[in-house]
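Notes follow once the structure below has been shown.
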Amino acid sequence: MNVLVEKLPYLLPFLIFFFRVIDVSLGTFRTIVVVRGHKAMAAIIGFFEILIWLAAASQVLNNIDQWHLALAYALGFAVGNYVGMWIESRFALGNELIRCFSFNRDILSNKLRAQSYQVISVDGDIGQQKMVELMYIVEKRRNVPKLIKLIKELDPSAVYSISDVKSVYDGTVLLA
């Protein structure tokens with residue numbers, strides 16, 4: 001890289017920025033993958049993340065008197081965080097739990113089951129003689145927007161919340 005930098009010195013800040021965007025994006029994605037329990041994938045990503053980081057950091061440290069390189073390094077860090085979160089959202093790894101409350105008991109859950117969703121439903125009340133149906137649905141993250149759209153279409157008054165699920169078991173076998 002030194003020969004290239006000597007011939008094209010204006011290229012170094014762009015390389016540092018580019019390497020930093022890549023390594024921080026990988027780091028952000030790796031952190032999210034660790035939280036979701038994908039250990040092997042996290043280790044592989046971490047290996048490449050550090051190789052790229054070494055290339056960027058060594059150039060800044062070897063040329064510490066050139067402030068524009070530090071600026072490119074810092075800017076790459078900021079952009080890399082955003083890019084890493086964007087990449088992770090595109091992969092949409094893991095599962096999510098959707099808790100849905102409906103005042104139209106049995107109607108929404110039956111319609112969702114007819115669409116092949118696995119729904120666990122429980123009857124409940126919120127006082128004053130108002131009965132509700134509480135539904136639990138575990139769904140792949142990439143499919144959640146489609147499910148939420150369907151819930152809103154089938155029952156606009158339904159209330160729902162979404163939370164991450166690390167592992168899903170069917171009683172004996174880890175499903176995800």
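The values are calculated or read from the model by the stated rules, or taken from the named source; none is laboratory data. Small disclaimer: the values here were computed from a predicted structure and weren't measured. Counting neighbours? That spans all protein chains shown, and the Cβs are built from the backbone with ideal geometry, glycine included.
Where residues in the range 26-50 are touching a helix residue (DSSP H, G or I) at 6+ places or on another chain (Cβ under 7 Å) and of a type in the set (D, E, K, R), which of them is modelled with the lowest pLDDT?
Selected residue: Arg30.
Of the residues that make up the range 35-46, is at least one small (Gly, Ala, Ser) and touching an Asp or Glu at 6+ places or on another chain (Cβ under 7 Å)?
no
Hey, among the residues in the range 83-98 that are in contact (Cβ under 8 Å) with a residue 12 or more places away in the chain and more than 18 Å from Lys166 (Cβ to Cβ), which one's surrounded by the most Cβ atoms within 10 Å (Cβ to Cβ)?
Top of the filtered list is Gly84.
Do you know which residues across the range 1-25 are under 23 Å from the mean Cα position of the chain (by Cα) and either among the small types (Gly, Ala, Ser) or modelled with pLDDT under 95 (or both)?
Across the range 1-25, the qualifying residue is only Ser25.
Does the range 88-107 hold any residues that are modelled with pLDDT under 90 and not charged (D, E, K, R), and which are they?
Ser89, Phe91, Ala92, Leu93, Gly94, Asn95, Phe103, Asn104, Ile107
Among the residues of the range 89-96, is any farther than 24 Å from Leu147 by Cα, small (Gly, Ala, Ser) and out of contact with any strand residue (DSSP E or B) (no Cβ under 8 Å at 6 or more places or on another chain)?
No, that holds for no residue.
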